[in-house]
Every structure is written in C-alpha cells, then in structure tokens.
Amino acid sequence: MSTIDAAAFHEFERAGWERAAEYYVDSFGGVTAQIAGPLLDAVHAASSARLLDVASGPGFVAAAAAARGARVTGLDFSPAMIAEARRRYHGVTFQEGDAEALPFEPDSFDAVVMNFGLLHLARPDTAIAEAHRVLRAGGRYAFTVWAPPTQAVGFGVVLKAIETFGRTDVPLPEGPPFFRFSEPDEAREALARGGFVDSEVRVVPLTWSLEDAERVFEAVSRGGVRTAAVLRAQTPEALEAIRDAVRRDVEAYRDGDRFLLPMPAVLASATKPNS
Ligand SMILES: C[S@@+](CC[C@H](N)C(=O)[O-])C[C@H]1O[C@@H](n2cnc3c(N)ncnc32)[C@H](O)[C@@H]1O
C-alpha cells in the first residue's frame, strides 16, 4: 500500500525548487531547453495558439512558444522560478500556480505542455486531469520526463554512486516513483485515464554537454530536489566517495575538451477528444 503523504511531498518539492531555482539554469537548463522544439511540435503550437506551459521553471519552453507567435502563459508554483523566468523573458506572461489545481476555466487553452514537471508532482494523475479540464475539445497535451537512468546517464552515474558509497534509506517525504512515466505504457495509460486519446510516446535523444566532469555532481546536488536531499543526508566521507565515483564515471564520456552525456527524454502527447 502506498504511504505517500501528498501534501508533505508537495511542500518538500516546493521548498526544494525555491532553493534550486538560482542554480537550475546552469545545472539542467542546457539540456532541458533542448527539447522545446519537439515538445511544441507535438502540440502543434502555431501562431496565436493559446498555450499553457505548466511547471515552466526558468521559462525556456514558454519563451520558445512565444517566439512561434503563440499566446503563452507560463505557470510554476515556485516564486523564485517565476522571478527567474520574468527576469529572462520580458514579453512572456508567467504566473504562480499549482499544476494540480490550475487557476483557469475550462476551455482556456489550445495546447498545454509540461517539460520535466510530471516526475516532480505529488499527484501527477491530477495534473493530467487538470490539463484536460483547461484544454478546449480537440486541444493538444504533451509532457516530457527523463528516460530511465540506464539511458539518462547523468542520473544513472549519480544513483549508482549513492548506492555503492552512500545510504539510500534517507527519511524524506515519499513521492511517486521518479521514473514512473519513463515507461511508455505508464505514460499512455495515464493519458487515457485522464481522458486523452490518440496518445503517442517516443524517445528523444538529448545530450548534456559539460566542460567539467565535476559538473554532474554539482548539478544534481544544487539544481535538483529529491536526489539533492539524499546527497545532503550523506556523511562527509560518503559524499566525497560519491563525488569521486561520479567524476570517474563521467570521464568515460569525454569527447575532446568536453563531456557529452546521453540524456534521452520520453515525450508523450495526446489529444482531448471532441466529445
Ligand atoms: C525540472 S524543473 C522543469 C522546468 C522547466 N519546465 C524546464 O523545462 O526546464 C521542474 C519545475 O516544476 C515546478 N513544479 C514542481 N511541482 C509543481 C507544481 N505542483 N505546480 C507547479 N509547478 C511545479 C518546479 O518549481 C520547477 O520549476
């Protein structure tokens, strides 16, 4: 039986993103922003479409949609992320709000997207239902999550190092499995349960390009939430061993003077039916 306390996990994530916001662009931004094009193509984002970017973070996808001429709203529950997005993209509307209780009327949008947000939610199925509610009939929905850590190497090397040199039994508010929607069937079934049809799920190859092997450990420990909390709970000795192991594993991805880590994403999209 699940022991998830959704309210506790939601608050843990919100506090975590408040802390991570200032590091996120330099940590994961270079890789999460890469998928904005395919994500917007998946919802057929065109000029003057009403588009909602949920869990918009620093606003990469919202800004890319605005550049296509869409009428965009970016929404995030972290005031620090909203401030970051407003600082970066002056012409785009960003507002605070919760993916699990969208502050919009039914039929408000032609397209809703969520880039690497679903895996952070206490109630992802509620967020999918909310996207369905605010879309018009015939509107499009798409989300991305990371591929499993065997493929998304940046996560794989850190999780392996923690298992080998640290402790994994850290008492944190329990949340849904981070890689749940990395399984295409899970993504398809969740979309169908949320009322969507014609779902498509595909893997999009992304590359995390870093100038320093140390950056993976730093990115995960500063620019993330769950694994960052697990790292904070390690002893100084274990943390040093984890950091060394991550650096050694990242060395295998050296390409000239950079490190190129495969970080594929799973892109799922679907349509709200007409009746
Ligand atoms: C991994 S970041 C993704 C940011 C951005 N979409 C990108 O492409 O890089 C996850 C974002 O989800 C936001 N978030 C997490 N849970 C949320 C919720 N319940 N409602 C709204 N935003 C949420 C966080 O504040 C954070 O900005």
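Where does the Debye-calculated log10 I(q)/I(0) of the stretch 96-212 sit at q = 0.10, 0.12, 0.18 Å⁻¹, using only Cα point scatterers of equal weight, no solvent?
-0.38, -0.53, -1.01
Evaluate the charge dipole of the stretch 94-137 about its Cα centre and quote only its size in Debye, nearest 20, assuming +1 on the Cβ of each Lys and Arg and -1 on the Cβ of each Asp and Glu. Can you show the working numbers first?
Details: 3 positive and 8 negative charges, 24 e Å.
Here the stretch 94-137 has a charge dipole of around 120 debye.
About the Cα centre of the chain, what is the dipole size in debye to 20, counting +1 per Lys and Arg Cβ and -1 per Asp and Glu Cβ, all else neutral? List each step's numbers first, then the result.
Numbers: 28 positive and 38 negative charges, 115 e Å.
Using only the charged Cβ atoms, the result is roughly 560 debye.
Rounded to whole Hz and in sequence order, give me ³J(HN,Hα) for the stretch 147-161 from the Karplus expression 6.51 cos²θ - 1.76 cosθ + 1.60, θ = phi - 60°, writing x for Gly and Pro.
In residue order, the calculated couplings are 5, x, x, 5, 9, 7, 4, x, 6, x, 5, 6, 5, 5, 5 Hz.
Along the positive direction of the dipole of the stretch 187-238 (beta-carbon charges: Lys, Arg +1; Asp, Glu -1; about the Cα centre), which of 205, 231, 190 reaches farthest?
The residue sitting most towards the positive pole is 190.
Can you tell me the accessible area per residue over the chain, all protein chains present, probe 1.4 angstrom, in square angstrom? The partial results should precede the final answer.
Working: 11780 Å² over 275 residues.
It amounts to 43 Å² per residue over the chain.
Output the direction-averaged projected area (hull surface divided by four) of the convex hull of the alpha-carbon atoms of the chain, in nm².
Numbers: hull surface 56.3 nm².
Hull-based average projected area comes out at 14.1 nm².
As I understand it, the dipole of the chain uses +1 on the Cβ of Lys and Arg and -1 on the Cβ of Asp and Glu, about the Cα centre. Which of 152, 24, 63 lies farthest toward its positive end?
Of the options given, the answer is 63.
Skipping prolines and chain starts, which residues have an amide H placed within reach, meaning under 5 Å, of the one on residue 117, given they are 5 or more residues away or on another chain?
Correct list: 144.
Give me D for the stretch 130-269 in µm² s⁻¹, whole number, from Stokes-Einstein with Rh from the Kirkwood sum over alpha-carbon pairs, 4 °C and 1.567 mPa s. Show your work: numbers first, answer last.
Details: Rh = 16.7 Å.
Translational diffusion coefficient: 77 µm²/s.
Loop-only GluC sites (Glu not before Pro) in the stretch 206-275, please: DSSP not H, G, I, E or B, and at most 15 other Cβ atoms within 10 Å.
Details: sites: 211, 214, 218, 237, 240, 251; in loops: 211, 214.
Within the stretch 206-275, the qualifying GluC sites (Glu not before Pro) (loop, at most 15 other Cβ atoms within 10 Å) are 211, 214.
With +1 assigned to the C-beta of every Lys and Arg and -1 to the C-beta of every Asp and Glu, and no other charges, what is the dipole magnitude of the stretch 21-100 about the Cα centre in debye, to the nearest 20? Intermediate results must be reported in sequence, preceding the final value.
Values: 6 positive and 9 negative charges, 85 e Å.
Approximately 400 debye in magnitude.
Calculate the spin-label point distance for residue 137 paired with residue 198, positioning each point 7 Å from the Cα along the beta-carbon direction, and give it in nanometres.
1.5
Which one, 134, 44, 78, projects farthest toward the positive side of the charge dipole computed for the chain from Cβ point charges (K/R +1, D/E -1)?
Going by the Cα projections, it comes out as 44.
What is the helix-to-structure angle for 6-24, meaning the angle in degrees between its Cα long axis and the longest Cα principal axis of the chain, kept from 0 to 90 and rounded to the nearest 10?
The helix 6-24 is inclined about 70 degrees to the chain.
Explain nothing, just compute: Karplus ³J(HN,Hα) = 6.51 cos²θ - 1.76 cosθ + 1.60, θ = phi - 60°, for every residue of the stretch 239-248 in order, whole Hz, x for Gly and Pro.
4, 5, 5, 5, 4, 5, 5, 5, 4, 4
Only bridges whose two residues both fall in the chain count here: according to DSSP, what percent of them are antiparallel, nearest 5? Write down the numbers at each step before the final one.
Details: 20 of 39 bridges.
Roughly 50 percent of the DSSP beta bridges within the chain come out antiparallel.
Karplus couplings for the stretch 249-266 from phi (6.51 cos²θ - 1.76 cosθ + 1.60, θ = phi - 60°), rounded to Hz, Gly and Pro as x?
Residue by residue, the stretch 249-266 yields 5, 5, 3, 5, 9, 5, 9, x, 9, 10, 10, 10, 9, x, 9, x, 10, 9 Hz.
Give me the percent of accessible area attributable to carbon and sulfur for the stretch 26-183, probe 1.4 angstrom.
Numbers: 3060 of 5860 Å².
For the stretch 26-183, the apolar C and S fraction of the accessible surface comes to 52 percent.
Using 0.36 nm per residue, how much length does the chain from residue 244 to residue 19 gain when fully extended, once their Cα-Cα distance is taken away?
78.6 nm is the gain from fully extending residue 244 to residue 19.
What's the whole-number percent of alpha carbon pairs in the stretch 156-200 lying beyond 15 angstrom? Numbers along the way, then the final one.
Numbers: 612 of 990 pairs.
Of the Cα pairs, 62 percent sit more than 15 Å apart.
Output the 0 to 90 degree angle, nearest 10, between the alpha-carbon long axis of helix 124-134 and the longest principal axis computed from the alpha carbons of the chain.
For 124-134 against the chain, the angle is about 30 degrees.
Given contacts defined as C-alpha pairs under 8 Å and at least six residues apart, what's the relative contact order of the chain, whole-number percent?
On the way: 560 pairs, mean separation 65.8, N = 275.
Once normalised by length, the contact order is 24 percent.
The values are calculated or read from the model by the stated rules, or taken from the named source; none is laboratory data. Quick caveat: nothing in here was measured; it's all calculated off a predicted structure. Glycine gets a Cβ as well: all are built from the backbone with ideal geometry, and neighbour counts include every protein chain shown. Only protein heavy atoms, including side chains, enter the accessible area calculation; ligands, DNA and RNA are left aside. Shrake-Rupley method; radii C 1.70, N 1.55, O 1.52, S 1.80 Å.
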